[in-house]
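So the structure is just underneath, and the comments pick up after that.
The values are calculated or read from the model by the stated rules, or taken from the named source; none is laboratory data. Quick caveat, the model's predicted, so the values are computed rather than measured. Note: ideal-geometry Cβ built from the backbone for every residue, glycine included; neighbour counts use all protein chains shown. Protein only, heavy atoms only, side chains kept; ligands, DNA and RNA dropped before computing areas. Shrake-Rupley method; radii C 1.70, N 1.55, O 1.52, S 1.80 Å.
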Amino acid sequence: QLPPDHGEPLQVARYGVGGKYEFHFDTDHRMARLATLIAYLDEPASGGETIFPMEGGRAHPRSNAHCEDGLRVYPRQGRVIMFYSLKANGAHDDASLHGACPVVDGTKWAANKWVWNSPIGLGGY
């Protein structure tokens with residue numbers, strides 16, 4: 001029920017062997033991504049998990065060097081995940097810290113859709 005100017009255009013990403021992204025929050029000092037949606041379009045033979053290292057109240061990880069601790073979502077074709085960067089009261093949610101573990105074998109394809117808490121001026125959906 002948000003206006004179209006709160007959404008970024010759909011982005012498609014391809015990760016080959018070794019492809020990953022570091023832990024990060026989908027926020028900045030001025031605004032926050034209210035919600036992130038990730039649809040897995042294809043799945044690698046192994047690796048490529050999306051990981052939430054602070055889920056369940058875990059401490060902030062000391063480094064981005066490993067993908068062992070936290071909630072791991074395996075990239076299965078047709079699977080869609082959605083998570084919020086903000087709590088219901090508008091406060092930042094530490095549990096939204098996320099990253100992608102390296103693809104070990106094969107290729108990972110995913111589509112990302114971001115919804116912001118205010119207009120972004122990119123033409124919306």
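At 1.4 Å probe size, with the rest of the protein present, what percent of the exposed accessible area of the chain is carbon and sulfur atoms?
The nonpolar share, carbon plus sulfur, comes to 53 percent.
If N is the number of residues in segment 45-119, what value comes out of its Cα radius of gyration divided by 2.2 N^0.38 Å?
Segment 45-119 yields a ratio of 1.20.
Relative contact order for the chain: what is it in percent, counting Cα pairs under 8 Å that are at least 6 residues apart?
Reported relative contact order: 52 percent.
In square angstrom, what is the accessible area per residue of the chain with a 1.4 angstrom probe?
On the way: 7080 Å² over 125 residues.
Heavy-atom accessible area per residue stands at 57 Å².
Rg to Rh for segment 1-45: what is it, with Cα atoms only and Rh by Kirkwood?
Taking Rg over the Kirkwood Rh, I get 1.02.
Would you please give the FRET efficiency between VAL12 and ALA88, computed as 1/(1 + (r/R0)^6) with r the Cβ-Cβ distance and R0 = 41 Å, to the nearest 0.05?
Calculated transfer efficiency: 0.85.
Kindly report, to the nearest 10 Å², the accessible surface of SER63 as traced by a 1.4 Å probe over protein heavy atoms only.
So the heavy atoms of SER63 present about 50 Å² to solvent.
Restricting things to alpha carbons, tell me how big the chain is in terms of Rg and Dmax, in Å.
Every Cα atom of the chain included, Rg and Dmax give 14.7, 41 Å.
Length gain on complete extension for the stretch VAL80 to ARG58, per 0.36 nm per residue less the alpha carbon to alpha carbon distance?
Length gained, VAL80 through ARG58: 5.5 nm.
Once ligands and nucleic acids are excluded and a 1.4 Å probe is used, how much of LEU37 is accessible, expressed in Å² to the nearest 10?
Taking all protein chains as shown, LEU37 has close to 60 Å².
Amide H to amide H, which residues 5 or more places from SER46 or on other chains are under 5 Å from it, using H placed in the peptide plane?
Under 5 Å from the amide H of SER46 lie the amide H atoms of VAL104, ASP105, each far enough along the sequence or on another chain.
At 1.4 Å probe size, with no ligands or nucleic acids counted, give the accessible surface of ASP69 in Å², nearest ten.
Here the residue's solvent-accessible area equals roughly 90 Å².
Taking segment 1-72, which trypsin sites (Lys or Arg not before Pro) meet the DSSP loop condition and have no more than 11 other C-beta atoms within 10 Å?
Those satisfying the criteria are ARG30, ARG62.
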